[in-house]
1. Would it be correct to say that Phe61 is in contact with a Phe, Trp or Tyr (Cβ under 6 Å, 6 or more places away or on another chain), not aliphatic (A, V, I, L, M) and not in a loop (DSSP other than H, G, I, E, B)?
2. Is one or more of the residues making up region 109-117 more than 14 Å from Phe16 (Cβ to Cβ), outside any loop (DSSP other than H, G, I, E, B), of a type outside the set (Asp, Glu) and out of contact with any Leu (no Cβ under 6 Å at 6 or more places or on another chain)?
3. Can you name the residue in region 28-46 that is out of contact with any helix residue (DSSP H, G or I) (no Cβ under 8 Å at 6 or more places or on another chain) and open to solvent by less than 20 Å² (accessible area, probe 1.4 Å) and, of all such residues, is nearest to Ser18 (Cα to Cα)?
4. Got a sec? Which of Ile42, Ile13 is within 18 Å of Trp74 (Cβ to Cβ) and either of a type in the set (A, V, I, L, M, F, W, C) or free of Cβ contacts under 8 Å to residues at least 40 places away in the same chain (or both)?
5. Does Val76 satisfy the criteria of being within 26 Å of Val38 (Cα to Cα) and among the hydrophobic types (A, V, I, L, M, F, W, C)?
6. Report yes if some residue within region 67-79 is out of contact with any helix residue (DSSP H, G or I) (no Cβ under 7 Å at 6 or more places or on another chain), assigned to a loop (DSSP other than H, G, I, E, B), at negative phi and of a type in the set (Lys, Arg); otherwise report no.
7. For region 110-126, name all the residues that are more than 17 Å from Asp66 (Cβ to Cβ) and at pLDDT below 95.
8. When the residues of region 47-72 are narrowed to those that are more than 14 Å from the chain's Cα centre (by Cα) and open to solvent by 60 Å² or more (accessible area, probe 1.4 Å), which ends up nearest to Leu89 (Cα to Cα)?
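The values are calculated or read from the model by the stated rules, or taken from the named source; none is laboratory data. Since the structure is predicted, the reported quantities are computational estimates derived from the model, not experimental observations. Using ideal geometry, Cβ is built from the backbone for each residue, glycine included, and neighbour counts are taken over all protein chains shown. Only protein heavy atoms, including side chains, enter the accessible area calculation; ligands, DNA and RNA are left aside. Shrake-Rupley method; radii C 1.70, N 1.55, O 1.52, S 1.80 Å.
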Amino acid sequence: MTNNKVITFEETIEWFNSTAHQGAIGLTVKFPIPEENVQAFIDFFTDYTPYVLEEEGCLQFGFHRDWKEPNVFWLVENWASTKILLAHLSADSRKGTKYEGDAPLKIMAELGAKPEPAALYLVNNV
């Protein structure tokens, strides 16, 4: 991937499914939010984040507000492996909670969130 190429969600999933990398993985995703839904998005991720942090293999997961655009948020997440990250994205994740499976994606879609993968990186692999 080069700096001038946009990373797509499909491309990241394809890489997660095909890589031989066995170590930790990091992902940064940009979330532009319609202005009228910013507070609802903040409320959602404030409630959702502790559920994710409890998932096995979650090393870091947090939303951060952009310094320049107040309706843009950055999700920074690190996982112990691509296999664990894929489990986080699966229908079996967070079983028995209000955020089971794809529920978070549906909530984000209702809030007009349009996630844009910004970076995919190998953690502690230098």
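1. no
2. So the first thing to find is which residues in region 109-117 are more than 14 Å from Phe16 (Cβ to Cβ), and the list is 109-116.
Pick out the ones that are also outside any loop (DSSP other than H, G, I, E, B) and you get 109-110, 116.
If we keep only those that are of a type outside the set (Asp, Glu) too, we end up with 109.
Cutting the leftovers down to out of contact with any Leu (no Cβ under 6 Å at 6 or more places or on another chain) gives us 109.
Looking through region 109-117, at least one residue is more than 14 Å from Phe16 (Cβ to Cβ), outside any loop (DSSP other than H, G, I, E, B), of a type outside the set (Asp, Glu) and out of contact with any Leu (no Cβ under 6 Å at 6 or more places or on another chain).
3. In this case the residue turns out to be Val29.
4. Unique residue meeting the criteria: Ile42.
5. yes
6. yes
7. Leu120, Tyr121, Leu122, Val123, Asn124, Asn125, Val126
8. Filtering first and then ranking leaves Glu56.
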